[in-house]
Amino acid sequence: MTIRLYDLAGAEDERRFSPYCWRIKMALAHKGLEFETMPWRFTEKDAIAFSGQGAVPVLVDGPRTVSDSWRIALYLDEAYPERPPLMDSEQARGAIFVFKQWSERNIHPAVFQVILLDLFAHLHNKDKAYFRESREKRFGTTLEAYGSDRTGALAKFHKALDPVRPLLIEQPFIGGRSPSFADYILFGAFQWARVMSPTHLLEPDDPVYIWRERMLDIHGGIARRALGFAV
């Protein structure tokens, strides 16, 4: 039975932008597992009510339903141990979990502020009111005000990436000679931006840019082929 992944979509079914869902699509490709994606929008809570929560990714693998990108990654390594591991030891899992927390607290907010207005423009109409209300409540200001200083947000984003640059000078992937789930965690944020915004986040001489290009091409170019912008 083919694995199904509920995957956040924008105005078009093919515009898949969730950084958390991209982690899992890359993880499934890493494992060499066949899967199909189901386009889902923020306001379609009923479609995933069976999972017991209201956000994606939600993975359905035969009788198993797993939600949350971290729990899905752990499940894939547990359920398919004969396939390439996403995290190859207990020590790696601990380090990658810390990297996940760092990425979500530093990289995600910086990316979000850079791409916010473009992201909003590419949402499905049914999601726009929900997105505006929920995010403006969270940030205490309008989307337009929060996303107005793109130049400043881009500078913060570049600074936030400083810890990974020395590593990517020394080795091709965060995981070493081949990618690990840490690579997919960080790459999800870049794919979030690439799918929803034409903003150039990086210069070609940046080690992170070179890594991102490498990530776009692995696993048969699954990420590069996705609907988005050539940035």
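No lab work stands behind these numbers, since they all come straight from the coordinates. These figures come from a predicted structure and were not determined experimentally. Please note: Cβ atoms are built from the backbone with ideal geometry, for glycine as well, and neighbour counts cover all protein chains shown.
Brief remarks follow.
- Residue exposure proxy: T65, T2, ordered by other Cβ atoms within 10 angstrom of their Cβ from fewest to most, comes out as T2, T65.
- Expressed to the nearest 5 percent, the antiparallel share of DSSP beta bridges inside the chain is 60 percent.
- Protection proxy ranking of 31-42, 108-119, 74-85 - average other beta-carbon atoms within 10 Å, highest first: 108-119, 31-42, 74-85
- Derived scalar couplings ³J(HN,Hα) [segment 167-183; Karplus, 6.51 cos²θ - 1.76 cosθ + 1.60; whole Hz; x for Gly, Pro]: 5, 6, 6, 7, 8, x, 10, 4, x, x, 7, 9, x, 10, 4, 4, 4
- Vicinal HN-Hα couplings computed from phi for segment 100-116 (Karplus, 6.51 cos²θ - 1.76 cosθ + 1.60; Hz; Gly/Pro x): 4, 4, 4, 4, 6, 8, 10, 6, 4, x, 5, 4, 4, 5, 5, 9, 3
- Once you reduce segment 29-73 and segment 147-219 to the center of their Cα atoms, the two points are 25 Å from each other.
- Think of it as helices only: each DSSP H run of n ≥ 4 in the chain is worth -39500 (n - 2.57), and spread over all residues that comes to -16000 deg cm²/dmol at 222 nm.
- Modelled FRET efficiency - R0 22 Å, K45 with S134, Cβ distances, 0.05 increments: 0.95
- Cross-link pairs exceeding 31 Å between alpha carbons, from the set K31/K156; K126/K159; K45/K159; K25/K128; K25/K159; K100/K137: K31/K156; K126/K159; K45/K159.
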